[in-house]
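Written out below as structure tokens is the structure these notes cover.
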Amino acid sequence: MKNNSQSQNYKKLDSLLKELPWFVEEYIDKKKRKLSPGTLLNYCHDFKIFFNWLVSEGFYNGEIKEIPLSLFETLTTQQIEDFLSFLKFQLDNREITINRKLSSLKSLFNYLQNVAETEKLEPYLTRNVMAKIEFNDVSEDPETIANRMEGKILIGDEYEDFRLFVAKDYGETNKSNKRITTFFNLNKERDTAIVSLFLGSGLRLSELVWLNIEDIDFNKNCVRVIRKGNKEQYVYFSEQAMADLKAYLSVRGNKYNIPRENKAVFVAAPMGPKGTTRRLSGRAIEKLIEKYAIAFGKPSLSVHKLRHSFATRYHSEINDVPKLRRQLGHSSIETTMIYTHLKNEDLKNAINKLNMPKEQ
């Protein structure tokens, strides 16, 4: 489900990689599964600026495509500080922009030192100068944080599009793969209910993991959770989330062969010689969201971004910060205020309301 913008970014990325050293292409290839083409394109632009600076300063005499790994072993911390000064005083980059470019380089150098290996199982780099460089101190206001978050959450019609993708379209997309289809048909109700609860309640990952059947109030559309600080609270969720939850619970017993004593709402398929059914772990939920997000064409989406998506939509449609703070379980209202700074027009023009029940 990649859109035209993503396709264009991939084409630009392929073109730019032809100008860069081979190890950058290898790094980008490893990152494609988790990062969007736009992010990878930004990384490559950052690398190109750094490599061009190395050539202009006389550290290497040749094309940037031919820059050897051995050069990185010789760079000093002062030389890297000189590059950061170049970004600030010559390119007029702001502190937050410099941090982003430094982050790109840190990621590349970390890959070369700690992930990539030669045929002799040795790291590409034994010395990582970027690991010694500290980020600039940047104090971000809520609006800055909100603007950075905006492109990484679900907006407008994407809420229902993503839910339907998990419920149906992922299976249609992969119907030629028997193994994926079998696994999808087993778990589609469960996975849809998980996504629907995140998008319809703003629950934290740990809160969803530890839900038990008796925690659900089917009459009031809410669940009992233990929030940070060991505080018990009833959290409301949308009617769509309740419908998806009921659909899952109606097949939960038969599909997962669950013993009566297992009260966990979300469980993993039986595994091992005894076919033991276990509570679905937080890591397993993160992985399944990651799987669907990548296939959906929004790889930056995560469990936490689904919580952000809920909060953004809630504020846009209900506009009650104290209630949103309670819904999310924030101890500080300043944290909740981030969502009041999101300005995307899709949020202001949202049509479908959440149907959040009134507090009793």
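The values are calculated or read from the model by the stated rules, or taken from the named source; none is laboratory data. All figures in this text were calculated on a predicted structure; none of them were measured in a lab. Here Cβ is always computed from backbone atoms with ideal geometry, including for glycine, and neighbour counts include all displayed protein chains. Surface areas here come from the heavy atoms of the whole protein model, side chains and all, with no ligands, DNA or RNA. Shrake-Rupley method; radii C 1.70, N 1.55, O 1.52, S 1.80 Å.
General observations
- Applied to segment 50-58, the Karplus parametrisation 6.51 cos²θ - 1.76 cosθ + 1.60 on θ = phi - 60° returns per-residue 3J(HN,Hα) values of 5, 5, 5, 5, 4, 5, 5, 8, x Hz, with x for Gly and Pro.
- Taking amide H as placed 1.01 Å from N in the peptide plane, the amide H of Asn212 sits under 5 Å from that of Val265, each at least 5 places away or on another chain.
- Percent carbon-and-sulfur accessible area, segment 38-145, ignoring ligands, DNA and RNA, probe 1.4 Å: 46
- Pairwise FRET efficiency - Glu117 versus Glu95, Cβ, R0 = 30 Å, nearest 0.05: 0.30
- Percent of beta bridges antiparallel (DSSP, segment 203-284, rounded to nearest 5): 100
- For Asn93, the residues 5 or more places off, or on other chains, whose built amide H falls under 5 Å of its own are Lys88.
- In sequence order, calculated HN-Hα J values of segment 79-89 (Karplus, 6.51, -1.76, 1.60; Hz; x Gly/Pro): 5, 5, 4, 4, 5, 5, 5, 4, 4, 6, 9
- In order along segment 252-263, the phi-based Karplus estimate (6.51 cos²θ - 1.76 cosθ + 1.60, θ = phi - 60°) of 3J(HN,Hα) comes to 4, x, 6, 6, 10, 6, 8, x, 4, 6, 7, 9 Hz; Gly and Pro are listed as x.
- Low-density loop positions, trypsin sites (Lys or Arg not before Pro), segment 163-211 - DSSP coil, at most 16 other Cβ in 10 Å: Lys175
- The Cβ shell under 13 Å around Phe184 holds other residues with a net charge of +4, Lys and Arg each +1, Asp and Glu each -1.
- Close amide H pairs (under 5 Å, H built 1.01 Å from N) link Leu125 with Gln113, residues at least 5 positions away or on another chain.
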